[in-house]
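Every number here is computed from the coordinates shown, using simple stated rules; none is lab data. What you see is a predicted model; the values in this text were computed from it and never measured. So basically every Cβ, Gly included, is an ideal-geometry build from the backbone, and we count neighbours across all protein chains shown.
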Amino acid sequence: MTAGAGSKFVDPKAEFLFVPADQVMAVAEREGATPYDVKGVELGHHGKECSFDAILKKHGLTSDPALVLLARIVNGADTDNSLWNQPESAGLKAVAEGFRGLGFKNDHDLNAAEWIVYDAFYAYCKRMVEEHKPEGAFR
């Protein structure tokens, strides 16, 4: 759900390799890549936090309140939503699940198509911060 976070907010030139979860560590080692979103890696789930949370923390991106709100929404869509109970998460999760049913030929195409949604959510988050609603419109 959050592969583009690295490219969008950390490194616009980042390249993602999509491989089955059981091959991530071997491919990462072989390619000199950073493993992400699998069990036991730095940029994975930790407790109730998801990979997007780990990426923001590792790269010092938690000072942007709009990005923090986006992280809460992404977290809720990618987990059981019990950490922040962010109402917008249900919408993001439904849209992300819907994209999986659209028949994209590979994960790169799926990820590229989904980014318009993440851009829209980020724009929403920036507006919420500007309107002094840093926890979102539904709080």
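Plainly put, the chain has a radius of gyration that is 0.96 times its Kirkwood radius, both from alpha-carbon atoms, as the Rg/Rh ratio. Report, in degrees rounded to the nearest 10, the 0 to 90 angle that the Cα long axis of helix 107-130 makes with the longest principal axis of the chain. With both axes taken from Cα atoms, the answer is about 30 degrees. Counting only lysines at least 8 places from K126 when in the same chain, those with an alpha carbon closer than 29 Å to its own are K8, K13, K48, K57, K58, K93. Relative to the longest principal axis of the Cα atoms of the chain, helix 65-78 runs at roughly 60 degrees.
In percent, what relative contact order does the chain have, based on Cα pairs under 8 Å that are 6 or more apart in sequence? The value is 20 percent. Counting neighbouring Cβ atoms within 10 Å and putting the fewest first, the residues I73, I116 line up as I116, I73. For region 11-59, rounded, prolate or oblate, judged on the Cα gyration tensor with a ≥ b ≥ c (square roots of eigenvalues), a/c < 1.5 rounded, else prolate if a/b > b/c? It is oblate, given that a/c is not under 1.5 and a/b is not larger than b/c.
Averaging Cα coordinates gives a centre for region 15-62 and one for region 88-114; these two points are 19 Å apart.
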